[in-house]
Structures are given as C-alpha cells and as structure tokens.
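To keep things clear, I will list the structure first and then write my remarks on it.
Derivation of every value follows stated rules applied to the coordinates shown; laboratory data play no part. These numbers come from a predicted model, not from an experiment. Quick reminder, even Gly has a Cβ in these numbers, built from the backbone with ideal geometry, and neighbours come from all protein chains shown.
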Amino acid sequence: MPAIIVDHVHKSYEEFRAVNDVSFRVETGEFYGLLGPNGAGKSSLMRMLYNKTERTSGTIEVLGFDPARDELSIKYLSGIVPQDDNLDVDLDVETNLQVYANFYGLAARAARERIHELLDFLELSEKKRAKIRELSGGMRRRLIIARALLNNPQLLILDEPTTGLDPQVRHLIWDKLRLLKKQGLTLMLTTHYMEEAFQLCDRLAIVDRGTKVLEGKPIDLVKGHIEAYVLEIIQREASARLTYQGPVRRETIQDRVLFFSDSAAELEAIAGGLSPGDFYLRQSNLEDVFLKTTGRSLHE
Amino acid sequence: MNSVPIPSWPRRVASVWWRHVRVYSSSLFSNALPPFVEPLIFLAGIGLGLGKYIVSMDGVPYIQFLAVGLVLTSSMYTASFENTFGTFIRLEFDKVYDGMQAASLTVRDLMVGELLFTATKGAFFASAVLAILACFGLVTSPGMLWGIPLGFLTAGMFGALAMLVTSFVTNINHFNFYFTLFISPLFFFSGVVFPLSQLPEGVRWLAGVVPLTHPVELLRAAAGGHSEFGVVWNLVYLVLFVPLVGWAAVRRMRRRLVS
C-alpha cells in the first residue's frame, strides 16, 4: 500500500493558483522528495498532507486516511517537521519534548524513555536542560526532528529541513534521516538543495509554478534529461575567441557560456584553446536538470 | 480502519492546558508575583488617599466596596492580556500553534485548552487578590470566596472575547484600541468603583450589556451586597456568553490557522 497518494490535487488562494493538478505516490519505506524553487507550491503540498492547508480539489490519502476527514489519525501516525522553528522558547529542551509527548498521550515513563533515546539519537543529550535561546540553529532543527519522532511515526514529513544550516549539521541530519529510512520509515521532504535531494531521495519530483515538471530517480533524471558533461566558461571574452561550431548545445547566461555534450572529448576540444582558469569541465548534475526544467530566471 | 489510538478530546484539551501551565510556571517569579503586588498598591493608594474623602458607599466602607470589584478586575485584565498580546505572539511571532498543529491536535483543541488555561489563571489571580484582602481584614463574608469560581468565569469571558478580537487583528499595536476604548471604561462603569444606581437612567442599561458587570454583581450579591440587574439575568448572561463568544473565537482562529 502506498504511504501517500496525491491525485489531481489543486490549491487556490483567492486569485492565486498555488498547486495545479499535481499527482504522485510515495510507497511505504520510500524516501521521496519535492524539489522546486521558492513559491513552486512545495510547502502547500506538504501542508495539505495533514490538513494545515485545505485542498481545493483532488484526492489525498496519507497512511490510508483522508486529511480533510481524519487529520488527527494522520498526525498521530506521522512526524511533521515544519519549515519555521516553532519551539517553546520559554521551556528547556527536555520540557519542550515532554509537552509534546503529552499531546500524543504518552505515559510519563514511556515519554521519559523515548525522550532520552531521541536526545541521544540526535546528539542533544548534553543540551537537555538548555533553554531554546541558547541553542544554535542546527540544534533547534535537530530538536524539532526529535519532537516529530516522539510518537514513533510511520511517516516523517520534512519541509526544507536543512535550509540555512552549515554543512556539518546538514550532513549530520542527512545521516540521521538515512538511518530512519533503514528502520523502515517512509520519508518525504521538500528542498531546494539539489545535493540534498540527490543524496537522500529514492525518487523525486521537480515542481515549478504549481505543477509537477519531472519525476523519477535522481540518477535517471540526470541521465535522461541532460547531457552527461558540461563545460562552463566563466569569461565571456574567453569564449569569444572560440571558433568551434559542432553539434554541442550552447547556453549563454549573463557572463558565462555553457556547453553541454554527452562526449567529454568534444568539450575538451573546445576548451583546448583556453587558458586553465577560464573554464571548468564537469559532469552534469541535478542542478543542471533543475535549471533546464524550471528556467534560469528568478522565481520571485 | 479507525484503530488509531488518538487521545480523547478531553485528554487533548488537557494536554494543551498543561503546555500553558508549564510555560507560565517556567518563570514563576515574574508571573506569580504581580497578582499579589497589584492589589497591595491599589489598597495602599485608596486607603491612604481616596478613602479619607469617601467614607462609605452603598452602605459599606468604601475600601470594602471597592475590594469586591477588585477581585474580578484582576481576572479581567489578566485574561485580556493573555488572549490578545499572548495569543497574537504565539500566533504570529513564535509560531507556537504551527508546531502544535503538527501534533495530534485540532485547532479547536488548541483554542479550548488555551481558554481553559486563561480561566484557570483568572481563578488564580482572584485568589491572590482575596489573599491580600484577607490580610487587611477585608474579606468580611465567606460569600467573598465565590470570587474564585467567578474569577474563573470572568477570565473565561474576557479570554474568549480577547481571542475573538485577536482573530481579526493583523498588527499587534491595534490592541491598544481594545484596551483604551473597551477594557478601561469597563473598569469604571461596571459597578466596580461606584454603584450602578449612580449611572444616569438613560445609560444604565449599557452596564447590563457589557461583560464585567455580571460577575461583579454576582460577587456583590454573594457577599451580601446589592445587585442592580438581579442574580438570574447575571447568571444567564455568564452561562451564555462564554460558549457563544468562545465558539465564534475558535471558528475565527481556525480560519487564521488553516489556509
């Protein structure tokens, strides 16, 4: 049984269409990602899963429940990590978790054990008595993840879990999420970090302006939707000296010129006439696919 | 399908109430001291100053007349602050509700639990005033102890009303209007500082419509004093006001919290 079914879902806010006919499925035990620029409708989709946002039309099923009718069952069985930090700043780390354990109706003793376990898992044990104001951004994020795991959820929903965090914390969180997946959890996340999506997700969908543009395994998306190699020429003046006119896709973005090809040799040939600091030859990645499908202009 | 062991709604409401108790008691000193100090200052001011000029009112020493009302104005103020500024900060700045909505709670659970906490706080504040009054020998009748349940209800009323107001407010400074134009006048025109019979005939009915009058009248009646509008109307008002305004407030808050 799929953990999440989203079928022809629309969401409009008065004049604005945030989500336009999006469908996808997340299988049990799968790690699924929604990748898209700001304002693409990712968060709206996530919030509709637990009825924080009401859908305008379409059907949604999460763990077998319709969020519009049974939000409590879904929220009881899922952990949700919202985009904003919303910890109780007046309470210490442990009490924050105690208060939430009580929301789920956990018995005092079970709650204590679970809190101990989770603080340990997210490497926050030493901060048990710390006030929220004393925590770094990365610690707060980890605490919110711990909070979402209190009730031993089957599904973890994460809305941009690592936005604004430094690489060390980001990698730590990635490791923890991978461990959770190993334990059998279904995970769903939104992000605009390509590397995050590439590293974590079994499958992902690229959403843009409220619609799903592409879907698949990250590696397949890179293989199937973009040439294997990219030659980036940083100085436009340098590219002006190029005389090459072969079957290579060329893109000009402000001061940079990009050549795409499945053959590295072709690109090397082009780069041959340039001095070393002027170009950068690399394998293409998810970011190239993302920019190709969602366009290079700002989405603001 | 419905085998998910979600806590019952009283349990959920109680868990929200408990959250507020934990937050409130986390800074016990700064939260629990003012309700005891405020009546002290008031009594000192009246006793040393005003009380020398006004000897008696409605047949009792003025300080005693005023004391009855003060038990409940403290509940009114604390509830009004709790569910205007307090609720607004939780809603817009700290995003506390967003987090709680991610747990197995509905918006109704959040708001009902919060109002229940406000009412509890009102009962606590009324108790604090009564304790200070007792120290000065101003609790002259055991009927004054009705101030505790009435403090609970007063705070329930003003909490619900404040929450309804908050559901419309988008700028925190707008609460100043509510306090200046509504709450402050109530202090003077609800039978707290002078008897309602002193109000001109033409506007006396107004006092019968606004909320604070009713618990104050009930407490005066319980303490052996005079009630202008009659105990029955006062009770009916209280019993209807809390659920009706509370229901409207919860509905409106849901619109703020679910998009």
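Figures for the structure shown
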| item | result |
| --- | --- |
| Reachable aspartates and glutamates, given that their alpha-carbon falls under 16 Å from the alpha-carbon of A:Lys223 and they are not under 8 places away in the same chain | A:Glu195, A:Asp202, A:Glu215, A:Asp262, A:Glu287, A:Asp288 |
| Helix axis angle, A:137-149 relative to chain A longest principal axis, alpha carbon, degrees | 60 degrees |
| Only Lys, Arg (+1) and Asp, Glu (-1) charged, at Cβ; chain A dipole about Cα centre in debye | 440 debye |
| Cα Rg over Rh - region A:1-115, Kirkwood | 1.03 |
| Kirkwood hydrodynamic radius (C-alpha pairs) into Stokes-Einstein, region A:130-234, 25 °C and 0.890 mPa s, D in µm²/s | 156 µm²/s |
| Dipole of region A:2-215, positive end: most advanced residue of A:Leu118, A:Tyr76, A:Asn51 [Cβ charges, Cα centre] | A:Leu118 |
| Note, ³J(HN,Hα) from phi for region B:112-126, Karplus 6.51, -1.76, 1.60, rounded to Hz, x at Gly and Pro | 5, x, 5, 5, 5, 5, 4, 5, 4, 4, x, 5, 5, 5, 4 |
| Sorted by Cβ neighbour density within 10 Å, fewest at the top, the residues A:Leu158, A:Leu45, A:Leu135 | A:Leu135, A:Leu158, A:Leu45 |
| Vicinal HN-Hα couplings computed from phi for region B:167-178 (Karplus, 6.51 cos²θ - 1.76 cosθ + 1.60; Hz; Gly/Pro x) | 5, 9, 8, 10, 10, 4, 5, 5, 5, 4, 5, 4 |
| Within chain A, helix-based [θ] at 222 nm, where runs of 4 or more DSSP H residues each add -39,500 (n - 2.57), nearest 500 | -11000 deg cm²/dmol |
| Kirkwood-Stokes translational diffusion coefficient of region B:9-257, alpha-carbon pairs, 25 °C, 0.890 mPa s, µm²/s | 132 µm²/s |
| Helix A:93-103 vs. chain A, principal-axis angle (Cα, 0 to 90°, nearest 10) | 70 degrees |
| Tail beyond 16 Å, pair distance distribution of region B:29-76 (Cα, percent) | 44 percent |
| Burial ordering of A:Glu126, A:Glu54, fewest other beta-carbon atoms within 10 Å first | A:Glu126, A:Glu54 |
| Fewest-first ranking of A:His10, A:His225, using other Cβ atoms within 10 Å as the exposure measure | A:His10, A:His225 |
| Computed P(r) (all Cα pairs; region A:2-215; 5 Å bins; percent) | 1, 7, 16, 19, 20, 16, 11, 6, 3, 0, 0 |
| More than 13 Å apart - percent of Cα-Cα pairs taken over region B:83-142 | 71 percent |
| Table column - 3J(HN,Hα) (Hz), region A:286-294, Karplus curve with 6.51, -1.76, 1.60, x for Gly and Pro | 4, 4, 5, 5, 4, 5, 5, 7, 9 |
| Square roots of 5 times each gyration tensor eigenvalue, C-alpha, region A:141-300, largest first, Å | 38, 16, 15 |
| Region A:29-52-region B:119-180 distance, computed between alpha-carbon centres (Å) | 43 Å |
| Cα-based Rg and Dmax for region B:31-112, where Dmax is the largest Cα-Cα distance (Å) | 19.5, 59 |
| For the protein assembly as shown, alpha-carbon Rg and Dmax in angstrom | 30.8, 107 |
